[in-house]
1. Show that you can apply the helix-only estimate: for the chain, add -39,500 (n - 2.57) for every DSSP H stretch of four or more residues, divide by all residues, and state [θ] at 222 nm to the nearest 500.
2. So what's the angle, to the nearest 10 degrees on a 0 to 90 scale, between helix 73-99 and the longest Cα principal axis of the chain?
3. Filter the GluC sites (Glu not before Pro) in region 65-97 down to the DSSP loop ones having no more than 12 other Cβ atoms within 10 Å, then list what survives.
4. Return the loop-located trypsin sites (Lys or Arg not before Pro) in region 143-206 (DSSP other than H, G, I, E, B) with at most 15 other Cβ atoms within 10 Å of their own Cβ; answer none if there are none.
5. What is the calculated FRET efficiency for residue 7 to residue 110, with r their C-beta to C-beta distance and R₀ = 30 Å, to the nearest 0.05?
6. Report, to the nearest 10°, how far helix 137-167 tilts away from the longest principal axis of the Cα atoms in the chain, using its own Cα long axis and a range of 0 to 90°.
7. On a straight-distance basis, which lysines could pair with residue 104 in a cross-link, Cα separation under 19 angstrom, same-chain partners fewer than 8 positions away excluded?
8. Can you sort 4, 89, 187 so the residue with the fewest Cβ neighbours within 10 Å comes first?
Amino acid sequence: MNKSDMVYFNNFKECVDCSLRAAHFLEDVLSNYNIDTIKEQVDELHELEHEGDTKRHEITEVIAKAFVTPIEREDIIEISTKIDDITDSIEDVLMHVYICQVPKIREGAIEMVRVAISCCETLKTIMEEFVNFKRSKKMMENIIRINDLEEEGDQLYINSMYNLHKNCKDPLEVVAWRDIYGYIEKSIDTCEDTADIVQLVVMKNS
């Protein structure tokens with residue numbers, strides 16, 4: 001792999017690292033929730049989301065100038081966009097907590113965010129191995145792990161939504177938490193989607 005090819009794989013790693021930092025930040029905010037500081041925390045998380053956007057734009061500019069790429073241009077763009085969607089979903093979680101003025105964080109949300117963190121960590125390992133995809137067993141092991149984590153996230157989502165509808169009598173709170181849980185689930189699902197795209201790229205190029 002030559003130096004010019006490495007820029008794509010390095011960019012994937014940097015973008016996933018941005019998603020991982022955003023997920024850790026979200027978990028910290030929700031675990032130590034203070035409604036009085038939530039606006040500043042939303043702004044701080046937005047800076048991380050903006051960093052991810054910038055990295056995605058950087059790779060788009062590189063593709064535009066490149067004569068050849070190590071994998072198909074469409075695959076590079078799709079992977080980059082999916083990773084950006086992970087960070088966007090994480091930001092949307094905190095944005096909805098702020099907009100809906102949630103007074104207290106439900107434990108199910110924190111449990112789901114921790115699964116999202118594990119997904120981002122696993123996806124980061126996948127991206128570290130991606131450059132050696134023709135020889136890496138570790139990459140395929142972690143793609144399988146993300147599938148398992150996504151199933152764990154699905155079960156937590158189902159349990160959280162069940163408990164919400166069973167125990168919550170405030171319709172506005174129900175609506176707020178439907179969206180919040182939905183965005184956390186989306187971040188987890190998008191990690192799996194990204195890993196699935198990587199797996200398809202490996203199959204096409206092996």
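1. Details: 6 runs with 173 residues, N = 206.
That calculation yields -30000 deg cm²/dmol at 222 nm.
2. Taking the Cα atoms of the chain, the angle to 73-99 is about 20 degrees.
3. On the way: sites: 72, 74, 78, 91; in loops: 72.
Loop-located and lightly packed - 72.
4. Details: sites: 145, 166, 169, 178, 186, 204; in loops: 169.
Passing both the DSSP loop test and the Cβ count: 169.
5. Details: r = 36 Å, r/R0 = 1.22.
Approximately 0.25, to the nearest 0.05.
6. Compared with the principal axis, the helix lies near 20 degrees.
7. 39, 166, 169
8. Working: 4 13, 89 23, 187 29.
With the sparsest Cβ surroundings first, the list reads 4, 89, 187.
Read-outs: derived from the displayed coordinates by stated rules, not from any lab. All figures in this text were calculated on a predicted structure; none of them were measured in a lab. Note that we place each Cβ from the backbone using ideal geometry, even for glycine, and neighbour counts take in every protein chain shown.
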